1. For the range B:268-331, what is the accessible area per residue in Å² when the probe is 1.4 Å?
2. Return one number: the angle in degrees, 0 to 90 and rounded to the nearest 10, between the long axis of the Cα atoms of helix B:76-90 and the longest principal axis of the Cα atoms of chain B.
3. Once R0 is set to 30 Å, what does the formula 1/(1 + (r/R0)^6) return for the Cβ-Cβ distance between A:Leu197 and B:Asp248, expressed as a FRET efficiency to the nearest 0.05?
4. Which distance in nm do the two modelled labels at A:Ala66 and B:Lys304 give, with both placed 7 Å along the Cα-to-Cβ direction?
5. Report the longest stretch of chain A that contains none of the GluC sites (Glu not before Pro) sitting in a DSSP loop with at most 14 other Cβ atoms within 10 Å.
6. Sort out for me the Cα centre separation of the range A:2-76 from the range B:59-119, rounded to whole Å.
7. Which loop-located trypsin sites (Lys or Arg not before Pro) does the range A:33-134 contain, where loop means any DSSP state but H, G, I, E or B and the Cβ has at most 15 other Cβ atoms within 10 Å?
8. For the range A:23-157, what is the convex hull volume of its Cα atoms per residue in Å³?
Amino acid sequence: MELLVLIKPVPDPETRLRPNATGTGLDTDGVKWVLTGYDESAVEQALLLKEAIPGSKVRAIAFGTAPRTEEILRSALALGCDAATWVERAADASVDPMRAAEALSVACKRTPFDLIVVGKQALDDEAGLVGPAVAERLGVADYGPVVDLRWDAAASKFTFARAIEGGSERMSAPTPLVVCLQQAWNDPRTAKLQNVLKARRIAIDKVALADLPAEIKSAPPGTHVGAFRLPPPRTGAKMVEYKTPEEAAQKLVQLLREEAKVLP
Amino acid sequence: MSGPVLVLIERRNAAPVRPSLEALGVGRRIAGPPGTGAVVAILLGSGLEPAVAQVAELGADKVLTVTDARFDVFHAAVWSAAIAAIAEELEAMTILVAGTSNGRQLVGRLAARWGAAAVTGIADISRAADGTLSVVRPVFSGRALEEVKVDAPRVVLGLRPNAFPPPDPSDSKTPVEAHAVPELSALPALGTVTGFEPAQSGSGPDLSEATVVVSGGRGLKGPENFRLLEDLAASLGAAIGASRAVTDSGWKPASFQVGQTGRTVSPQLYIAVGISGAIQHVVGMISSRTIVAINSDPNAPIFKVADYGIVGDLFQIVPALTTEIRRVRGN
């Protein structure tokens, strides 16, 4: 089974967010870029499948600028991925998630695959566009948000549930397939030091700028971020003072109805 | 003038879902007042009549029905092929999709199929005098806001649930038109639905689309005490959520978890009961309009992100709150 996992470097969740000088994006000065969130879970899912299906290989693919993209690919290799592809992005190129999906599909087309695993969204821009857009470009079915993904060897199909409103829809699907993962592991595996060292020596395949279609390199994407700002700081809760629980309840309900206007 | 704004109406149990109705209101807002730009609602599947009747009262200029049982199961590949073909035919420039599980799965695929730009998670939207669409979307779990400008002529817009009011029903009826089923050739091999398990939350609304969410944490001390929250949730018509501590302990299934590795919710009202407010949890609920925290620890970080706080014993406060809400709501 050939498994691909699409990942992206995102700022460490502990990062203190600041707009950049032009107010059009995150100030990336000093930001640590990591493999985390649904992307980290996607790697975990791919590795669990690899362990469950004999003869499987996992390739991690990421699109982005150096060195952060190479670093998260090395993280994926250290966790147990067998190979990695870096799709090069010019540092000054304007890119949106649809454009990223286009670039990633170029890399996916270069390698045979049975399954592509992708997180339902990245932790930074939360767009959730890449998985479905890649599936369309590759002409394969996509399903999401997926939990409980398993390989049914007897039927030669993947089985999973879509976590949708009102319940979960059980499905089975043949390969090739793109799944957008809802499931996240609170404690995904961590890399052993010896594997971190070993991952440094694995050659990363590269899809160079020259190999990408012209519009990915030069034409502006369909959207751009005009402004990036922080929401007004939360000033802390208005505390309800009370003598009895009943009084607390009455005061709170009054505030919710008359001040916040969230209760009829 | 540009073509119509297409609004996809999703259904569940034959009725249109609320986030789709919210999208209909947004459609009117960006198309301009009636008579300037057209808003076309589109429904796909079989047995569309009850939903059509409801949508026809909500101010669209036309309701299009595409009747075919192949749309009764959601396959992003099938839906995007059909909707892209219809958008092409109608010369639409904008398609609005609600931020449901299906909607979120559809936007990227539909945009790739139709050759359009795409933006998701939209919490606010405006159209400049020159026609440029500009949207606001929370990013980094609500810790920052992006204002995104749409530069492409065609765009698929994914809306955040609970961010826009659904339109009020009016007396005027929108004309309904049956549209031919587009040619659906060259589809990829699709999956098959093998079953459906209703959420354990029972009768309450779903966590991700509820307008009120009541969440419990370690402060509840045990799974049996969730019945306090169930009563409170029932009095409010709320969905129930939980912190990671609760789902990791097995008090509730993982599907209840609100937070970084769980669900992200943005209801009108979020009530955190016995939840300390670890960043892991907060990022999953910070975009809620109003946040209430009930906790025995006055120094709990949850009070920094909440709008209203009660320091006290949740085992006394929560039942009193349930009683008070029942009283004011007259039940």
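1. Counting only protein heavy atoms, the per-residue value for the range B:268-331 is 36 Å².
2. The answer is roughly 50 degrees.
3. E(calc), rounded to 0.05, equals 0.40.
4. 3.9
5. The segment A:15-240 is the longest one with no such site.
6. Result: 30 Å between the Cα centres.
7. The qualifying sites are A:Arg110.
8. Convex hull of Cα atoms, per residue: 117 Å³.
The values are calculated or read from the model by the stated rules, or taken from the named source; none is laboratory data. Remember, it's a predicted structure, so these values are computed and weren't measured experimentally. Every residue, glycine as well, gets a Cβ built from its backbone with ideal geometry; the counts of neighbours run over all protein chains shown. Each accessible area value is taken on the protein alone, full model and side chains, heavy atoms only, with ligands, DNA and RNA left out. Shrake-Rupley method; radii C 1.70, N 1.55, O 1.52, S 1.80 Å.
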